[in-house]
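Okay, so here's the structure we're looking at.
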Amino acid sequence: MHLVLRFPFKDFEAIAENIKYLNNKAIPNSQGKNALSILKRKEAEEIEKNDPFSTK
């Protein structure tokens with residue numbers, strides 16, 4: 001997918017810096033959410049595995 005943005009060239013540096021800042025914030029947040037979902041899933045599997053009343 002290609003995205004074409006139109007803005008004054010004088011604003012390019014500020015826009016590029018803001019994109020870098022947002023990128024640096026987004027990646028750790030995304031990784032943290034993925035790690036949390038993996039931990040929750042593993043915890044649920046462990047609980048179910050140890051449940052004496054489980055039907056599985």
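When the residues of segment 25-56 are filtered to those that are β-branched (Val, Ile, Thr) and in a helix (DSSP H, G or I), which remaining residue is modelled with the highest pLDDT?
As a first pass, look at segment 25-56 and keep what is β-branched (Val, Ile, Thr): 27, 38, 47, 55.
With in a helix (DSSP H, G or I) added as a condition, the list becomes 27, 38, 47.
Numbers: 27: 68, 38: 81, 47: 78.
The extreme case among them is 38.
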(request) Could you tell me which residue of segment 1-24 is modelled with the highest pLDDT, considering only residues that are over 25 Å from the mean Cα position of the chain (by Cα) and part of a helix (DSSP H, G or I)? (result) 13
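The values are calculated or read from the model by the stated rules, or taken from the named source; none is laboratory data. The model shown is predicted, which means the values in this text are computed figures rather than measured ones.
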